[in-house]
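Worksheet: the structure to be examined is printed underneath.
The values are calculated or read from the model by the stated rules, or taken from the named source; none is laboratory data. Every value quoted in this text rests on a predicted model; they were computed, and no experiment measured them. So basically every Cβ, Gly included, is an ideal-geometry build from the backbone, and we count neighbours across all protein chains shown. Accessible surface is based on the protein model in full, side chains and every heavy atom, while ligands, DNA and RNA are left aside. Shrake-Rupley method; radii C 1.70, N 1.55, O 1.52, S 1.80 Å.
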Amino acid sequence: MFRYVLRRLLQAIPTLIGVSLISFFLVNSAPGDPILIRTFDPKITEETRDIMRRQLGLDQSLPVQYISWFTGFTVRVGDTVEEFQSETVSCDFVALLNTTFCDTGGGIVRGNLGTSISTNQPVWARLVERMPATFELGVAALLVSLFLGVPLGVLSAVYQGSVFDNITRFLAVVFNALPAFWFGLMLIFLFGVVLGWLPTGGRQTVSLTNEFDLMDRVRHLILPTAILAFGGIAGISRFMRTETLEVIRTDYIRTAKAKGLAARAVWFVHALRNALIPLMTILGPSIAGVLTGAVITETIFSWPGMGRLTFSAAVQRDYPMVLGAVMFFSVLTILGNLLSDILYGVVDPRVRLS
Amino acid sequence: MVQKRFSLLAALLIAALVLAACPQPAPVVQTVQETVVVTSVVTQTETQEVVVTATPAPPTQGGVFVSASLSDATILNPILSSDNASSGVHQFLYPYLIGGDPFTGEIVPTELAESWSTSDDGLVWTFVLRQDMTWSDGEPVTAQDFKFTYEAIAAEAVETPRKSYVELIESIETPDDYTVIVTFSEVKCDGLGDLGLGILPSHLYAADFSDIMTSTENEAPTVSAGPFTFNEWVRDDNVTLLGNDAYFKGAPNMDGLIIKTVPDAGARLAQLQTGEIDTLALQPEQLTTAQLNPDLNVYKFKDDGYAYIALNLANPENPQPGLDEDGNKVEQDPHPILSDLSVRQAIAHALDYETIINKVYLGQGYPMAANVVPAVEWAYNNDIQPYEYDTELAAQILEEAGWVDSDGDGVREKDGMTLSLNLKTNAGNTTREDLGALAQDQLNGIGFDIEFEAIEFGTMVGEMLGQTYDMVIIGWTGLGTDPNDDVFWRLQFDTPGSGFNFVSFSNDRVDELLRDGLSVPGCDPAERAPYYKEVQQIIHDEIPYVFVTGSIGNTGYTTRWQGVDPGPWSFYHNVEKWTIQE
């Protein structure tokens with residue numbers, strides 16, 4: 001088991017290097033200039049922009065930028081020790097090569113995701129700041145999806161072909177197809193504006209004291225959770241229906257029925273437990289999803305989460321922020337998959353981790 | 001600065017700070033206050049004896065005003081920030097040297113400087129400061145704070161996009177705590193606006209500017225000299241401010257002000273409807289909803305922006321700068337189609353402005369003839385009429401210029417060149433997308449072959465400044481109270497990749513007029529006006545832009561606040577006097 005986990009973790013290293021390479025060049029190949037987008041103002045001169053680009057290293061070639069982002073070491077032609085040396089950056093000029101070498105102390109290999117261009121804060125700090133909000137919404141949505149999706153799926157399978165099954169399947173398709181940006185606004189309009197039952201957005205009622213109030217938090221959580229969970233319920237119920245249908249055709253279920261077990265025992269002891277095992281495979285990645293956030297839902301509901309952070313960073317061409325988020329999400333996804341594989345082995349003795 | 005998605009309010013507040021350099025008659029802004037009147041049936045009339053008391057009742061205290069911003073602030077330092085969301089917050093915290101009249105945009109001594117005078121050559125400005133302004137920690141706001149702020153911008157240790165604000169400042173002297181003498185290296189009639197940034201509390205920073213970039217004051221300012229003090233910033237969610245008892249215009253009646261981040265436009269309107277927020281810069285399609293709501297007021301005004309279609313006059317395959325390294329004029333490689341004035345005239349006549357303004361801008365616009373908005377009245381050229389919608393005339397102009405459809409495919413040709421052009425705008429701005437589709441339709445109707453595409457904003461800016469486009473739909477907002485817009489037209493700003501003369505407009509007379517109009521000794525508006533009026537005539541005739549519509553702003557705000565008195569240049573100018581209705 002330990003060796004398995006270790007091997008999987010070691011395998012993750014080349015994956016992450018690959019992710020870093022692809023995402024870096026992909027992000028940088030997108031049109032748009034992170035400096036220009038911040039300074040699209042006739043009052044700001046090109047000289048100012050050039051200084052800003054140089055300070056951020058954006059004047060360097062892409063491979064140099066990549067190495068600098070990845071390792072934290074950067075090179076520049078000429079003696080630029082004075083210009084770039086600071087409390088956190090140490091530089092040396094090698095006269096022979098006419099090159100200055102700087103160690104910024106950062107680099108993702110050293111676990112430093114860099115600094116956000118927009119706010120000048122560490123990328124990691126900005127991610128951590130958003131984690132609670134994203135986690136709160138993600139967990140709520142996942143729990144609701146599971147608690148409603150699993151029974152609905154099993155019941156659909158039990159009453160296969162019935163009106164209930166057809167309605168559930170139809171609604172699953174409809175809710176999966178409804179775009180969140182439209183459906184979210186409709187819910188806001190209905191429950192927030194017309195009925196006035198629920199707040200229209202945000203994570204809590206904003207006040208000068210911003211005191212924690214559990215009921216207030218829950219009220220704010222309802223609509224965005226609903227939007228996210230509709231998709232989750234639809235997906236999980238359909239998945240569970242398929243899995244349950246597969247399980248009930250197996251020999252051991254037939255045996256269970258044959259030996260006269262009560263229907264409830266057959267369904268919920270034998271069928272459900274076995275049908276739940278494959279759910280692990282989709283649960284691992286969902287756990288990563290819980291932490292990465294939901295861009296559209298977070299935007300519509302003014303939810304201060306990670307999805308929105310990443311999205312606005314992409315729009316603002318905040319490269320370090322986008323890349324930091326991508327790397328973080330990649331690690332989460334890899335860990336999520338590993339976790340689901342391990343759990344799979346735990347719940348299903350037939351699967352050996354080797 | 002052109003993005004409509006930026007809050008109009010914030011844009012206006014910035015505009016209010018961009019003030020003309022010289023004392024001048026107030027440009028009159030035409031404003032219309034629209035209040036929705038709710039008719040209610042009075043069933044019973046009671047006669048009441050009114051007791052007149054000698055002293056008026058004190059204004060109601062308390063309440064929290066909530067506004068919404070579409071994005072979160074990035075940094076609460078007025079010399080480091082360059083986004084409207086940040087200035088939307090720090091405008092309440094830092095003092096300003098000069099004030100702007102909220103209704104006319106005129107520079108007025110309502111802030112730190114209580115009076116000023118200029119030397120005969122117009123280079124030296126002496127400001128006398130008021131002595132009753134203090135930071136919320138009790139320290140006085142002094143000339144030293146101003147000097148520190150502007151020297152910080154110039155300091156090498158400080159990285160800021162505001163460097164150009166100090167370029168023309170030769171020196172700042174402070175003979176005593178309440179006198180500032182600013183010496184400019186040349187007369188630049190719109191230069192006083194550069195002195196309008198928020199002033200930093202120098203006593204909280206290192207004298208050598210070494211901590212400007214890293215100070216915690218940038219995220220959580222501990223002192224304020226504005227109407228509010230900083231309370232808390234929950235990133236991406238809200239900033240809360242508390243009334244500043246030490247505010248020199250008097251402590252606000254309200255307890256505090258909250259700026260919430262609400263990124264979605266539909267959600268912002270919903271929050272205004274439910275009263276979760278108190279004000280919102282309304283988009284045209286939101287106007288009716290707001291007007292029909294008895295709990296909302298709508299303030300309508302002509303603002304300092306316009307929408308236009310930029311026509312690239314130079315060859316997009318070969319972008320060239322307007323001047324070479326020695327400052328000599330570079331003859332541009334002309335655009336194969338758009339360099340032909342008759343094509344530009346045909347485009348200007350082919351657009352149905354009335355329909356565009358009514359249907360696309362939902363009535364929230366007015367026709368424009370040239371590059372100065374009527375809000376800047378003293379420089380506005382009243383004699384020029386906007387181009388009229390006349391498709392027959394447009395077709396005739398093209399015919400006469402030799403653009404004819406000889407092969408019957410519906411597209412005109414001339415010398416083997418078809419009248420094919422691309423038209424772009426930024427995706428997500430539905431108004432511009434609608435305008436693009438309509439313009440495409442109308443131009444194709446007279447024999448153009450327009451390929452319209454909505455692309456991502458950053459990409460569009462790249463193509464636009466890179467000068468690799470044919471036509472782009474975009475707009476300017478926050479142009480301010482001075483008519484000088486030399487960056488759009490002068491040769492020196494035609495620099496592919498960075499300059500704002502991205503249409504490659506090249507006209508010696510305009511170059512001269514804009515240069516001289518800015519350095520008129522004394523900066524008397526009456527003397528400057530002819531320069532700008534002539535520029536408008538030439539721009540109108542040469543059509544580097546097709547002016548689609550001037551912008552009208554609509555600010556919605558809840559009726560529960562009394563004393564709100566919005567002007568086109570500022571919504572919050574008297575925020576300390578607002579009271580909540582019980």
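For the stretch A:249-271, enumerate the residues that are closer than 18 Å to A:G153 by Cβ, of a type outside the set (F, W, Y) and open to solvent by 30 Å² or more (accessible area, probe 1.4 Å).
Those that are closer than 18 Å to A:G153 by Cβ, of a type outside the set (F, W, Y) and open to solvent by 30 Å² or more (accessible area, probe 1.4 Å): A:R249, A:T250, A:A263, A:R264, A:V269, A:H270.
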Subset tally (residues that are surrounded by 19 or more Cβ atoms within 10 Å (Cβ to Cβ), assigned to a helix (DSSP H, G or I) and within 7 Å of chain B (Cβ to nearest Cβ)) for the stretch A:34-43: 2
Test result for A:R53, within 30 Å of B:W476 (Cα to Cα), outside the structural domain of A:T104 (by TED's automatic domain parsing) and among the basic types (K, R): no
Cross-chain or 6+ apart pairs with Cβ under 9 Å, the stretch B:287-307 first and in contact (Cβ under 8 Å) with a residue 60 or more places away in the chain, then of a type in the set (D, E): B:Q291/B:E34; B:N297/B:E34; B:V298/B:E34; B:Y299/B:E34; B:K300/B:E34
Filter result for B:A375 (over 25 Å from B:T431 (Cβ atoms), at pLDDT below 95 and open to solvent by less than 30 Å² (accessible area, probe 1.4 Å)): no
Counted residues, the stretch A:106-135 - those being more than 13 Å from chain B (Cβ to nearest Cβ), of a type outside the set (V, I, T) and in contact (Cβ under 8 Å) with a residue 40 or more places away in the chain: 5
Odd one out for B:Y178 among (1) more than 14 Å from chain A (Cβ to nearest Cβ); (2) buried (at least 23 other Cβ atoms within 10 Å of the Cβ); (3) in contact with a strand residue (DSSP E or B) (Cβ under 6 Å, 6 or more places away or on another chain): (2)
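Scan the stretch B:212-230 for residues that are part of a loop (DSSP other than H, G, I, E, B), away from every other protein chain (no Cβ under 11 Å) and either among the small types (G, A, S) or surrounded by fewer than 16 Cβ atoms within 10 Å (Cβ to Cβ) (or both) and report the count.
From the stretch B:212-230, those part of a loop (DSSP other than H, G, I, E, B) are B:212-215, B:219-227; that's our starting set.
Filter once more, keeping what is away from every other protein chain (no Cβ under 11 Å): B:212, B:215, B:220-227.
Filter once more, so that each one left must be either among the small types (G, A, S) or surrounded by fewer than 16 Cβ atoms within 10 Å (Cβ to Cβ) (or both): B:215, B:220, B:222, B:224-226.
Selection size over the stretch B:212-230: 6.
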Matching residues in the stretch A:55-75 - criterion: being crowded, with 17+ Cβ neighbours inside 10 Å and either part of a loop (DSSP other than H, G, I, E, B) or of a type in the set (S, T, N, Q) (or both): A:L58, A:Q60, A:Q65, A:S68, A:G72, A:T74
Lone unmet requirement of (1) surrounded by fewer than 19 Cβ atoms within 10 Å (Cβ to Cβ); (2) out of contact with any Pro (no Cβ under 9 Å at 6 or more places or on another chain); (3) farther than 29 Å from A:G57 by Cα for B:W125: (1)
Residues within the stretch B:256-279 that are at the interface with another protein chain (Cβ under 9 Å from one of its Cβ atoms) and among the β-branched types (V, I, T), tallied: 4
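Here's the yes/no breakdown for (1) at the interface with another protein chain (Cβ under 7 Å from one of its Cβ atoms); (2) open to solvent by 50 Å² or more (accessible area, probe 1.4 Å); (3) closer than 28 Å to A:L97 by Cα:
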position	(1), (2), (3)
A:A12	no, no, no
A:T15	no, yes, no
A:G32	yes, no, no
A:T45	yes, no, no
A:R53	no, no, yes
Filter result for B:A346 (open to solvent by less than 10 Å² (accessible area, probe 1.4 Å) and at pLDDT below 95): no
Sole exception among (1) out of contact with any helix residue (DSSP H, G or I) (no Cβ under 7 Å at 6 or more places or on another chain); (2) surrounded by fewer than 18 Cβ atoms within 10 Å (Cβ to Cβ); (3) assigned by TED's automatic domain parsing to the domain that holds A:G231 for A:G78, by number: (3)
B:V535 buried (at least 22 other Cβ atoms within 10 Å of the Cβ), assigned to a helix (DSSP H, G or I) and out of contact with any Cys (no Cβ under 7 Å at 6 or more places or on another chain): yes
The stretch B:468-504: number of residues that are crowded, with 22+ Cβ neighbours inside 10 Å, more than 14 Å from chain A (Cβ to nearest Cβ) and closer than 17 Å to B:L338 by Cα: 3
Helices (runs of 4 or more DSSP H) within the stretch B:400-517 that include 1 or more residues aromatic (F, W, Y): B:457-466, B:486-489
Criterion (open to solvent by less than 20 Å² (accessible area, probe 1.4 Å) and at pLDDT below 85) met by exactly one of A:S354, A:S340: A:S340
Number of the condition not met by A:F301 [criteria: (1) under 15 Å from A:L142 (Cβ atoms); (2) modelled with pLDDT of 85 or more]: (1)
Residue count for the stretch A:157-188, restricted to those that are touching a Pro at 6+ places or on another chain (Cβ under 9 Å) and either in a loop (DSSP other than H, G, I, E, B) or more than 14 Å from chain B (Cβ to nearest Cβ) (or both): 0
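With A:V128, A:V123, A:V150, A:V89 as the choices, which residue is open to solvent by 40 Å² or more (accessible area, probe 1.4 Å) and of a type in the set (V, I, T)?
A:V128
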Output for the stretch A:189-198, where each listed residue is without any contact (Cβ under 8 Å) to a residue 24 or more places away in the chain and either more than 7 Å from chain B (Cβ to nearest Cβ) or outside any helix (DSSP H, G or I) (or both): A:L190, A:V194, A:L195, A:G196, A:W197
Checking A:D59 against (1) away from chain B (no Cβ under 14 Å); (2) within 26 Å of B:S82 (Cβ to Cβ), the condition it does not meet: (1)
Conditions (1) open to solvent by less than 10 Å² (accessible area, probe 1.4 Å); (2) more than 9 Å from every other protein chain (Cβ to nearest Cβ); (3) not in a loop (DSSP other than H, G, I, E, B); number of the one not met by B:C189: (3)
From A:S207, A:S237, residue being closer than 27 Å to B:G256 by Cβ and assigned by TED's automatic domain parsing to the domain that holds A:S145: A:S207
Within the stretch A:17-30, considering residues that are within 14 Å of another protein chain (Cβ to nearest Cβ) and either of a type in the set (S, T, Y) or outside any helix (DSSP H, G or I) (or both), the one least open to solvent (accessible area, probe 1.4 Å): A:A30
